[in-house]
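Below: one structure, written as structure tokens.
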Amino acid sequence: MQAMTMIGALTGSALLALFSSGASAAPARPGKELPPKPSVADVVKASQPGDWRPLDPENTLYMELPAGRVVMELAPSFAPKAAANIRALVRERYFDGLWIMRAQDGFVVQWGDPDEETPRPFRADKTVDAEFTVPAKGTGKFTQLKERDVYAPQVGHVNGFPAARDPKAGQAWLPHCYAMVGVARDEASNTGNGSQLYTVIGHAPRHLDRNITVVGRIVSGMPLLTVMPRGTGAAGFYEKAEQRTPIASVRLAADVPLPERSKLEVMRTESAAFQAVIEAQRNRGGPWTKVAAGAIDLCNVPIPVREQQ
């Protein structure tokens, strides 16, 4: 208890220094416990108000389902055209009354209009240029992970999102990590207009990176989507209308009265506190862990979200 009390009083930068001190770097001998180290929860508890940012109301969507609210944040610096078209669709209330139309086990949940014969009309753009990658210079401050990645020359985080980069090409993109939101498309690259979206519910399908526009991530409500009954049709699509889950509405937070907004904030991924989060996940200690991994995969880095303090 004394060690936990001490940890709870440290700032994010102090926690990071504790990880970097080398005192707990050696693995435990067989049968021995690893020395105590701060957990992700400890880092979050010790964080300061400046380590967090509120969600941007103009880029935050609320999808209301029978079981509750799903909150997703768009990343317009990585997909400006797609994000703008999704906002236009939401503001014309395109998604209201549509459905969760697909749940493929270990892969994705998808929503939109399943009617291919007479789809719901909309005023937003019917085609949007693919944004599989964008110029890296315009995406924001990149905080790089030290680990090598199979799918990208560099990986890290930008403004609360996992991100990948190719410095030689000067390009950046959002990866297909758990809870990321992608724009469904047909074979042609420009057929993804945002009228059908999906989120990753299984192991990160990183082979899709740079083949689909990824436009943001779900920051709250993932359990409402991961428990969707799995579709019995090809690729997890529901074969019968009664199998689908109705969408009551999708709204931009900016268009929702303040008392009705979800008051969430995301840890700043450029902060020392977030670096301490990464170290806590990379080098887990405590009585249960017998061998600390000492490394971390991009999609295994937790990005803390909490109610505004």
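The values are calculated or read from the model by the stated rules, or taken from the named source; none is laboratory data. As the structure is a computational prediction, the values presented were derived from the model and not from experiment. With ideal geometry, Cβ positions are generated from the backbone for all residues, glycine too; neighbour counts draw on all protein chains shown. What goes into the accessible areas is simple: the full protein's heavy atoms, side chains included, and nothing from ligands, DNA or RNA. Shrake-Rupley method; radii C 1.70, N 1.55, O 1.52, S 1.80 Å.
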Please determine, by comparing only the residues of region 165-175 that are part of a loop (DSSP other than H, G, I, E, B) and in contact (Cβ under 8 Å) with a residue 60 or more places away in the chain, which one is surrounded by the most Cβ atoms within 10 Å (Cβ to Cβ). LEU174
Does region 184-191 include one or more residues that are farther than 24 Å from LYS126 by Cα and among the aliphatic types (A, V, I, L, M)? no
Looking for something out of contact with any Pro (no Cβ under 9 Å at 6 or more places or on another chain), under 21 Å from SER189 (Cβ atoms) and either of a type in the set (Val, Ile, Thr) or open to solvent by 60 Å² or more (accessible area, probe 1.4 Å) (or both) - is there at least one such residue anywhere in region 65-73? no
Restrict the check to region 125-132 and report whether at least one residue is within 30 Å of SER271 (Cβ to Cβ) and modelled with pLDDT of 95 or more. yes
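Within region 176-185, identify whether any single residue is open to solvent by 60 Å² or more (accessible area, probe 1.4 Å) and touching a strand residue (DSSP E or B) at 6+ places or on another chain (Cβ under 9 Å), and answer yes or no.
Restricting attention to region 176-185, the residues satisfying the condition of being open to solvent by 60 Å² or more (accessible area, probe 1.4 Å) are 178, 185.
Filter again for touching a strand residue (DSSP E or B) at 6+ places or on another chain (Cβ under 9 Å), leaving 178.
Within region 176-185, one or more residues are open to solvent by 60 Å² or more (accessible area, probe 1.4 Å) and touching a strand residue (DSSP E or B) at 6+ places or on another chain (Cβ under 9 Å).
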In region 207-232, which residue that is in a helix (DSSP H, G or I) and open to solvent by 10 Å² or more (accessible area, probe 1.4 Å) is nearest to LEU98 (Cα to Cα)? LEU224
For region 123-164 the number of residues that are open to solvent by less than 30 Å² (accessible area, probe 1.4 Å) and either over 14 Å from ARG206 (Cα atoms) or among the hydrophobic types (A, V, I, L, M, F, W, C) (or both) is 17
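Looking at GLY50, GLY112, which one is at pLDDT 95 or above, under 27 Å from ARG261 (Cα atoms) and open to solvent by 10 Å² or more (accessible area, probe 1.4 Å)? Can you show your working first?
Details: GLY112 fails: open to solvent by 10 Å² or more (accessible area, probe 1.4 Å).
After applying the criteria, what remains is GLY50.
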Looking at (1) touching a Leu at 6+ places or on another chain (Cβ under 8 Å); (2) among the polar types (S, T, N, Q); (3) surrounded by fewer than 18 Cβ atoms within 10 Å (Cβ to Cβ), can you tell me which one ASN300 breaks? (1)
Take region 276-297 and flag every residue that is open to solvent by 50 Å² or more (accessible area, probe 1.4 Å), over 17 Å from the mean Cα position of the chain (by Cα) and not hydrophobic (A, V, I, L, M, F, W, C). ARG284, PRO287, LYS290
